[in-house]
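Report on one structure; see the data block that follows.
The values are calculated or read from the model by the stated rules, or taken from the named source; none is laboratory data. Fair warning: this is a prediction, and the values are worked out from it, not measured in the lab. Neighbour counts run over all protein chains shown; Cβ positions are idealised from the backbone, glycine included. In case anyone asks, the SASA skips ligands and DNA or RNA and just uses the protein heavy atoms, side chains included. Shrake-Rupley method; radii C 1.70, N 1.55, O 1.52, S 1.80 Å.
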Amino acid sequence: MADHYEVLGVSRDATPDEIKKAYRRLARELHPDVNPGTEASERFKQVTHAYDVLSDPRQRQQYDLGGGQGGFNGAGFGGFGDIFETFFGAGQSTRGPRSRRERGQDALIRLEVALDDVIFGTHREIDVDTAVTCETCHGSCCQPGTAPVTCDICGGTGHIQRAVRSLLGNVMTSSPCGSCRGYGTIIATPCPTCQGQGRVRARRTVPVDVPAGVDTGVRLQMPGSGEAGPAGGPNGDLYLEIKVRNHEVFSRNGDDLLCTLEVQMTDAILGTTAKVEALDGDVDLELKAGVQSGEILTVRDRGITHLRGGGRGDLKVAVHVVTPTKLSHKERELVQQLAKHRKAQPPQLGHFQQGLFARLRDRFLG
Ligand SMILES: [Zn+2]
Ligand SMILES: [Zn+2]
């Protein structure tokens with residue numbers, strides 16, 4: 001088969017408009033009613049087919065990638081009819097009847113997951129209300145044991161032809177057959193389960209592997225998990241739009257997990273070890289003597305697993321030293337003793353944003 005671009009005489013990077021213009025010119029020149037003869041008729045078919053493929057973005061992409069001719073799907077038919085209505089005022093007869101078989105619709109479902117779930121990824125079974133191929137007729141649309149019968153109005157072509165005067169002279173035009181709605185056949189005894197649709201509504205459970213590292217707004221595509229097409233047509237795709245629920249302790253910055261740790265003043269002065277309950281198990285944090293409010297302790301590789309490729313983000317813990325507000329009599333005495341031992345140092349002015357904690361808080365909020 002000749003190259004579609006060569007047939008239309010356009011370059012491979014031609015715009016849709018250039019393709020349309022090239023087709024319009026050739027179709028005028030080669031249309032069988034204007035230019036009778038087998039050679040012109042053959043070329044007309046080639047040109048029409050080439051245009052049919054290249055004018056549909058999906059089919060064109062598939063063709064460019066070297067994949068087949070592009071199936072005869074519903075979209076293809078619709079586009080085809082439109083072209084001829086544009087150029088010749090009505091449908092055309094070089095094409096056979098339309099198929100009942102069409103690809104099913106894509107579906108979009110929102111899936112909420114917890115922050116814990118995205119650290120390592122998770123598995124879910126989700127229920128989807130969708131269309132599935134009818135099990136009684138297996139998509140044939142007919143009561144078992146029966147078959148579609150040829151439409152006797154159009155003789156199975158799906159089109160009714162008639163001669164119409166036009167700018168191009170006397171042109172045979174055709175329009176979809178009203179009796180069979182262009183299918184060329186009639187289902188005399190429809191399947192009782194699906195009423196002749198070839199598919200029924202059903203609740204289906206779809207297993208989903210939510211990968212580690214997904215974030216709110218990520219869409220997962222599950223090819224072939226959308227609804228079944230009419231008359232045994234292939235399934236559309238299912239898209240899952242992820243929403244990650246906010247966690248009451250941990251927040252997320254890229255693949256890092258952030259939290260704060262309240263440390264008592266005395267622990268901050270003397271240093272201590274803190275056991276921290278992270279989302280994936282306990283972490284021992286070493287607090288050096290003299291740790292300051294706003295200091296960030298980084299625990300490597302305890303964040304969220306990266307979406308693409310291995311490795312994890314970090315867990316970042318911001319220290320918040322708590323000044324006690326209520327002291328017992330004894331405690332008060334001890335602190336006063338301590339104060340006497342310390343060299344007096346008046347409070348120092350500094351830049352408002354200078355504190356580490358302020359900067360970290362900005363990052364949390366921003
Ligand atoms: Zn059925
Ligand atoms: Zn018909």
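Points worth noting:
- Filtered residues of region 41-59 (kept if touching a helix residue (DSSP H, G or I) at 6+ places or on another chain (Cβ under 7 Å) and more than 13 Å from Tyr23 (Cβ to Cβ)): Gln59
- Considering the conditions (1) closer than 30 Å to Val206 by Cβ; (2) crowded, with 16+ Cβ neighbours inside 10 Å, Asp129 is excluded by exactly one of them, (2).
- For Arg124, the criteria (1) on the phi > 0 side of the Ramachandran plot; (2) under 37 Å from the mean Cα position of the chain (by Cα) hold in every case but one, which is (1).
- Criterion applied to Ser225, Ser179 was being away from ligand 1 (no atom under 16 Å from the Cβ) and surrounded by 19 or more Cβ atoms within 10 Å (Cβ to Cβ), and the one residue passing it is Ser225.
- Matching residues in region 160-174 - criterion: being crowded, with 18+ Cβ neighbours inside 10 Å and more than 8 Å from ligand 2 (Cβ to nearest atom): Val171, Thr173, Ser174
- Failed item in (1) open to solvent by 90 Å² or more (accessible area, probe 1.4 Å); (2) in contact (Cβ under 8 Å) with a residue 24 or more places away in the chain; (3) over 30 Å from Val210 (Cβ atoms), with Val322 passing the rest: (1)
- The set of residues from region 148-165 being of a type outside the set (Ser, Thr, Tyr), under 9 Å from Gly184 (Cβ atoms) and away from ligand 1 (no atom under 16 Å from the Cβ) comprises Cys151, Cys154, Gly155, Gly156, Gly158, His159.
- Among the conditions (1) open to solvent by 20 Å² or more (accessible area, probe 1.4 Å); (2) within 21 Å of the chain's Cα centre (by Cα); (3) modelled with pLDDT of 95 or more, the only one that Asp56 does not satisfy is (3).
- Pick from region 297-311, criterion out of contact with any Phe, Trp or Tyr (no Cβ under 9 Å at 6 or more places or on another chain) and part of a strand (DSSP E or B), ranking: nearest to Gly281 (Cα to Cα): Val299
- Residue check for Cys194: open to solvent by less than 50 Å² (accessible area, probe 1.4 Å), touching a strand residue (DSSP E or B) at 6+ places or on another chain (Cβ under 6 Å), within 16 Å of ligand 2 (Cβ to nearest atom) and in contact (Cβ under 8 Å) with a residue 24 or more places away in the chain: no
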